[in-house]
Amino acid sequence: MSAIVEAFSRYLPPKVVTNEELSSLMETSDEWIQQRSGIRERRFVDAPTTTSDLAVEAARKTLGALQGKSVDAIIAATLSPDYDFPGIGVLIQAKLDLPTIPAFDLRNQCSGFLYGLELATALVQQEQYERILLVGAEVHSTGLDLSTRGRDIAVLFGDGAGSCVVSREEARATTGTGLRVLRSELHGDGAHAPKLWCEHIGSAHFPHRMDASLIEEGKCFPSMQGRKVFEHAVKRMVEVSLSVLEKEGITPEQIRFVVPHQANARINGLVAEQLGIPGERVSQTITHYGNTTAATIPIGFSHVLEEEEIHQGDYLLSCAFGSGFTWGATLLQAV
Ligand SMILES: CC(C)(COP(=O)(O)OP(=O)(O)OC[C@H]1O[C@@H](n2cnc3c(N)ncnc32)[C@H](O)[C@@H]1OP(=O)(O)O)[C@@H](O)C(=O)NCCC(=O)NCCS
């Protein structure tokens with residue numbers, strides 16, 4: 001029994017923030033950001049807008065493509081929820097006026113979409129659900145240190161949302177191109193958690209999890225050991241991609257398009273090179289959107305399916321790496 005991913009959609013808030021604009025807030029430059037990351041601009045919300053608001057915008061487009069059919073569960077991935085709790089899943093459900101369907105929340109950061117995809121695939125294959133709305137969404141801009149202190153991270157991230165539906169093959173809702181999930185492999189290694197995390201607010205702080213001195217120290221902003229994360233990201237994305245391909249008996253040359261997470265254009269360049277896949281067959285949304293964490297991969301697929309010639313039978317590969325560390329790869333085939 002197959003799971004088919006369909007109706008990819010995206011929503012990016014309209015406000016474009018260029019590297020030059022960030023240079024007026026911190027000591028950085030367009031040249032540094034482009035050279036080190038490949039990013040030219042990103043989107044930031046410019047009015048009170050929550051992560052679930054962005055998720056709903058993308059999800060409405062996905063649901064609108066389902067030809068009257070609905071979904072019977074939601075899986076929502078984000079590291080920037082509207083509230084400490086509840087998660088955004090139920091907020092999306094309420095804003096979309098969906099019935100009392102279950103809503104799962106995933107906290108797997110940049111790998112969140114692939115974690116969600118594996119979960120959704122398993123659930124529809126078990127016949128527990130027919131169609132699951134899978135959404136990745138982030139509002140990073142209001143949680144970044146936009147001063148020189150936070151520049152190594154702040155220049156990398158952007159806001160956005162992407163969504164799709166994971167359907168049991170017999171319950172497909174669209175006639176457009178769908179992607180059959182052939183194989184997925186996920187990993188995690190929490191020993192590396194401090195290399196990329198946001199320490200505050202959390203139960204790690206005793207006796208009060210909310211602490212003004214931690215905010216002053218900037219612990220409420222994400223922190224990252226960039227070079228170490230970079231090295232692990234390249235190694236792990238190549239390793240897990242090759243593992244998935246090998247288990248399915250597919251060679252990198254057979255891959256029509258790769259949709260990797262977008263943390264750094266140089267990471268993706270090295271991953272493509274080490275997989276032996278030409279750069280023109282690798283999605284590169286980071287230039288205009290930066291890193292939108294859990295939203296990145298569905299946004300990438302929505303572009304690829306719109307802009308590239310994808311034919312039935314084509315293989316597509318997605319891979320991700322992020323905070324945790326967590327990483328994974330999924331092989332799909334166009335149907
Ligand atoms: C963050 C990253 C772009 C930095 O690139 P890098 O080539 O490793 O650069 P470094 O961190 O070594 O910093 C080089 C110098 O630039 C400075 N710098 C950092 N951010 C800067 C910025 N925005 N503008 C200008 N200079 C900056 C550093 O302070 C450092 O200065 P120094 O040499 O005087 O100490 C890169 O490490 C990276 O992409 N890491 C992985 C990101 C990732 O995968 N995230 C995981 C998924 S979310």
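Classify region 3-171 from the C-alpha gyration tensor, please: rounded if a/c falls under 1.5, else prolate or oblate depending on whether a/b exceeds b/c.
Prolate, because a/c is 1.5 or more and a/b exceeds b/c.
Can you compute 3J(HN,Hα) from phi for each residue in region 292-297, using the Karplus curve 6.51 cos²θ - 1.76 cosθ + 1.60 with θ = phi - 60°, rounded to whole Hz and x for Gly and Pro?
Using θ = phi - 60°, the values come out as 9, 6, 5, 7, 4, 5 Hz.
If you take the Cα atoms of region 117-253, find Rg, then find the Kirkwood Rh from the mean of 1/r over all pairs, what is Rg/Rh?
Result: Rg/Rh = 1.06.
Using alpha-carbon positions, what is the distance between the centroids of region 1-76 and region 124-182, in Å?
9
Percent antiparallel among DSSP beta bridges with both residues in region 179-334, to the nearest 5?
Numbers: 19 of 25 bridges.
Here the antiparallel bridges make up roughly 75 percent for region 179-334.
Based on the Cα gyration tensor of the chain, what are the three equivalent ellipsoid semi-axes, each the root of five times an eigenvalue, rounded to whole Å and given largest first? Don't jump to the answer; show the numbers that get you there.
On the way: eigenvalues 176, 113, 69 Å².
In descending order, the three semi-axes are 30, 24, 19 Å.
Contact order normalised by length for region 1-73, with contacts defined as Cα pairs under 8 Å and 6 or more residues apart; what percent is it?
Averaging sequence separation for qualifying contacts and normalising by length gives 40 percent for region 1-73.
Could you list the residues of region 168-207 with an amide nitrogen less than 14 Å from a label point located 7 Å from the Cα of E127 in the Cα-to-C-beta direction?
Within reach of a label on E127: 168-171.
Compare G158, G178, G279 in a GNM of the chain, Cα atoms joined below 10 Å, and give the one with the largest fluctuation.
G279
How large is the charge dipole for region 75-146, taken about the Cα centre, if only the Cβ atoms of Lys, Arg (+1) and Asp, Glu (-1) carry charge, to the nearest 20 debye?
80
In whole Hz and in residue order, list the ³J(HN,Hα) couplings for region 252-268 that follow from phi through the Karplus curve 6.51 cos²θ - 1.76 cosθ + 1.60, θ = phi - 60°; x for Gly and Pro.
x, 4, 7, 7, 6, 8, 10, 10, x, 4, 10, 9, 6, 4, 6, 4, 5
Could you work out the local net charge near L242, counting Lys and Arg as +1, Asp and Glu as -1, over the other residues with Cβ closer than 14 Å to its Cβ?
-2
Taking θ as phi - 60°, what are the ³J(HN,Hα) couplings along region 103-109 by the Karplus curve (6.51, -1.76, 1.60), each to the nearest whole Hz, with x for Gly and Pro?
9, 8, 10, 10, 10, 10, 6
Roughly how many debye, to the nearest 20, is the charge dipole of the chain about its Cα centre, given +1 on each Lys and Arg Cβ, -1 on each Asp and Glu Cβ, and no other charges?
240
Note down the relative contact order for region 3-171 as a percent, whole number, built from C-alpha pairs under 8 angstrom at least six residues apart.
35
For region 179-334, state what percent of all Cα-Cα pairs lands in each successive 5 Å bin, counting from 0 Å until the bin that includes the largest distance.
Each 5 Å bin holds this share of Cα pairs: 2, 9, 18, 20, 18, 12, 8, 6, 4, 3, 1, 0.
Over the chain, what relative contact order in percent results from Cα pairs under 8 Å that are six or more residues apart? Numbers along the way, then the final one.
Numbers: 797 pairs, mean separation 87.8, N = 335.
Relative CO of the chain lands at 26 percent.
Place +1 on the Cβ of every Lys and Arg and -1 on the Cβ of every Asp and Glu in region 179-334, take the dipole about the Cα centre, and give the residue among H208, Q312, G300 whose Cα lies farthest towards its positive end.
So the residue furthest toward the plus end is H208.
Restricting to the chain, compute how many DSSP beta bridges are antiparallel as a %, nearest 5.
The antiparallel fraction comes to roughly 70 percent.
No lab work stands behind these numbers, since they all come straight from the coordinates. Being a predicted model, the structure only gives us computed values, none of them experimental. Every residue, glycine among them, receives a Cβ derived from its backbone with ideal geometry; neighbour counts consider all protein chains shown.
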